[in-house]
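The values are calculated or read from the model by the stated rules, or taken from the named source; none is laboratory data. Predicted model only: the values in this text are computed from it and were never measured. In this analysis, Cβ positions are derived from the backbone assuming ideal geometry, glycine residues included, and neighbour counts consider all displayed protein chains.
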Amino acid sequence: MLISRAPVRISFFGGGTDYPEYFLNHGGAVLATAIDKFSYVTASPFLSHLFDYSIRVSYRKVELVKTPDEMEHRVFKECLKFCGLEKDIELHNVADLPAFTGLGSSSAFTVSLLQALHSFKGEFVRPLDLAYEAIYVERHLVQDKVGCQDQLMAAIGGFNLVEFRTENDIIVNRVTMSPQRMAEFESHLFIVFTGIRRKAADVVEKQLKRVEDNTDTLKMMRQMVDQGWDILTGNDDLSAFGNLLDEAWRAKRSLDQGISNGEIDQMYQRGREAGAWGGKLLGAGAGGFMLFFAPPEVHPKLTATFQNHQLLSVKINAPGSQIIFS
């Protein structure tokens, strides 16, 4: 048996510019970090000649099939076919966090699964190539309307400014901060669950239809990526990062009316009133986790404000996809 894992992520700036529908014409970038919450896949040999099925996979359900084509789960099916595995394998998926919450868990699963399948075959794949494979599987085989940052962050991990040129030409720039500034930055993160789960592709579909109408806003959001980088790698007070997040969230909301709603707007306002400098919904919008950026001394007030919500504590700069047991 072997076990792989890949992290989910927090994206601070540039979300929406990581879709080929935008970056192929204008160039895109995100500023994001992998966090210490993972999707795990176990892979082990399966003696199919002793059973009346050839592959066993388990997630929320258990599927016992003779070929990948019989599978309901499209990512399992397409990844197995992509890696040329037609029988004699058992796969199991568990995750630290549920899907549809804005942290890129679906892509973390795809990356972790591909990592496990390649390792099962005795193959080594570079992290960047693993990201390219996951993008191809999700966008072209499964045909989900997804961007390209989640797969990249799951595969390479770390805290990065990522530039998107094409689906096969992505540049990774590591954010360089001292350990002290990294720890200070991390202490400002406050994450709360809205209680709303949604599928990102459903939210994004409307946004993609308005890419041309929103080009100026998306270009401004792309510029905020560089501004965020300058704040982190310079000596600016971190309040500037929080203020920029507030500006970015207002820009994101303007892309489509489905990105936010009255309940989410009220949550955001309550967080600001409790002392947060800024924040945003994580992911495509319409639900999931909400990030606030606030000095540590106001976190107790934020905790009291959202005492009826699930809070999430995280560590940033987590490692990318890897085999943790074999």
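Taken together, L161, L113, L97 contain a single residue that is at pLDDT below 95 and closer than 25 Å to G288 by Cα, which is L97. The set of residues in the range 263-278 that are under 12 Å from R253 (Cβ atoms) and not β-branched (V, I, T) comprises D265, Y268. Cβ separations smaller than 6 Å between residues 6+ apart or across chains give the following pairs from the range 308-326 residues that are touching a residue at least 40 places away in the same chain (Cβ under 8 Å) to residues that are part of a loop (DSSP other than H, G, I, E, B): N317/G158.
Scanning the range 10-25 for residues that are in contact with a Leu (Cβ under 7 Å, 6 or more places away or on another chain) and farther than 16 Å from L97 by Cα yields S11, F12, F13, G14, G16, T17, Y19, E21, Y22.
Screening W229 on (1) out of contact with any Leu (no Cβ under 8 Å at 6 or more places or on another chain); (2) more than 19 Å from M290 (Cα to Cα); (3) not basic (K, R) shows it passes everything except condition (1). I'd like to know if the range 151-158 contains one or more residues that are crowded, with 22+ Cβ neighbours inside 10 Å, outside the structural domain of M290 (by TED's automatic domain parsing), within 30 Å of P68 (Cα to Cα) and among the polar types (S, T, N, Q). Scanning the range 151-158 turns up at least one residue that is crowded, with 22+ Cβ neighbours inside 10 Å, outside the structural domain of M290 (by TED's automatic domain parsing), within 30 Å of P68 (Cα to Cα) and among the polar types (S, T, N, Q). Is it the case that D256 is among the charged types (D, E, K, R) and out of contact with any helix residue (DSSP H, G or I) (no Cβ under 7 Å at 6 or more places or on another chain)? So D256 fails the test.
Scanning the range 89-147 for residues that are more than 18 Å from the chain's Cα centre (by Cα) and of a type outside the set (A, V, I, L, M, F, W, C) yields a count of 9.
Reported count of residues in the range 194-248, each being closer than 20 Å to L103 by Cα, modelled with pLDDT of 95 or more and β-branched (V, I, T), is 1.
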